[in-house]
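Undergrad: Take this structure first; my questions come after.
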Amino acid sequence: MSTAVRITTTLRSKISRTVALAALTGTVGLGVAGLATSPALAGNPAPTRVAAVAAAQSTPVNDRTMKPFEGRIQDGSTSWTISILGVITRTSGTGQQVVFQAKAINGTVLRAKVTYSQVGSLPVGSYKNIDTNHPGFRPGPLATHFAGLVGNWDGHGRHLSIAGNGQVKFSFRNYSVPVGDPAEQQTAEGFLRSNRDGSQSVTVYLTHTNRLAIAHTYPVTLKNGVLTVAGNTFCGAGAGAGTCGA
């Protein structure tokens, strides 16, 4: 195959994927690099054109627009996890963790804000462009076959809810402060991810409790109507009376 043919084939592949993502995310008029190609912008100076393009093609983040981006990226020894919630985790080969929240979608690129970091070059509050047009990107849902976990689960002074999109919310009563104190309710949020053996885990991306650590992934087990996460038990309708506390 000649060099010209190889370049043309690669170009067509990139165009096809970008157009497919544009159709799913609601962006239009995308070029090979994910930039809008409006004739009205053709004569503008470069900085003005770039700013106008960014504004024109930026897509808000929600379950629908994030669906094409859900999956994993392996970039050498660094692994990325992209959830349908727009939460993105980065784990280096040495185990250093960074958590991002996607704020906008521009073609194949996610504009994300750092919300937690163990990496000095990625401080909390900074932004990073994460391009899913990457050879290591493997799209697909992070969690599957978890319908039996969706719903509300309770214990004495604690509550857990799991939504259909895999979002997990925890609430714990802090008995060391009076009722009505702002610190009375301790909370955390995470997203489900399925393991190769079919079991489920939850990765915590936001926490206001010492019971669950941010950027940690905890096994989720269900037995006899009792859901257990990090040693905390939450009962469903099938649990026996008093199983999860008074």
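Just so it is clear, none of the values below were taken in a lab; they were calculated from the coordinates. Computed from a predicted model, the values in this text were never measured in an experiment. All Cβ positions, even for glycine, are placed from backbone atoms using ideal geometry, and neighbour counts span all protein chains on display.
Undergrad: Using a 10 Å cut-off on Cβ atoms, rank the peptides 148-161, 127-140, 76-89, 99-112 from the highest mean neighbour count down.
TA: With the highest mean Cβ count within 10 Å placed first, the list reads 99-112, 76-89, 148-161, 127-140.
Undergrad: Suppose every K and R has +1 on its Cβ and every D and E has -1 on its Cβ; what is the size of the dipole of the range 117-221 about the Cα centre, in Debye to the nearest 20?
TA: Here the range 117-221 has a charge dipole of around 200 debye.
Undergrad: On to the next question. State the answer as a single residue: which of Leu206, Ser176, Leu222 lies farthest towards the positive end of the charge dipole of the range 147-235, with beta carbon charges of +1 for Lys and Arg and -1 for Asp and Glu, about the Cα centre.
TA: Most positive-ward Cα: Leu222.
Undergrad: Related question: Counting only C-alpha contacts under 8 Å and six or more residues apart, can you give the relative contact order of the range 187-246 as a whole percent?
TA: Reported relative contact order: 21 percent.
Undergrad: I've got another one for you. Under a Cβ-only charge scheme (Lys and Arg +1, Asp and Glu -1), can you give me the dipole magnitude of the range 74-169 about the Cα centre, in debye to the nearest 20?
TA: 180
Undergrad: Name the long-range amide H neighbours of Lys103: under 5 Å, sequence gap of 5 or more, or other chain; modelled H, no Pro or chain starts.
TA: Amide H neighbours of Lys103, under 5 Å, 5+ apart: Arg111, Ala112, Lys113.
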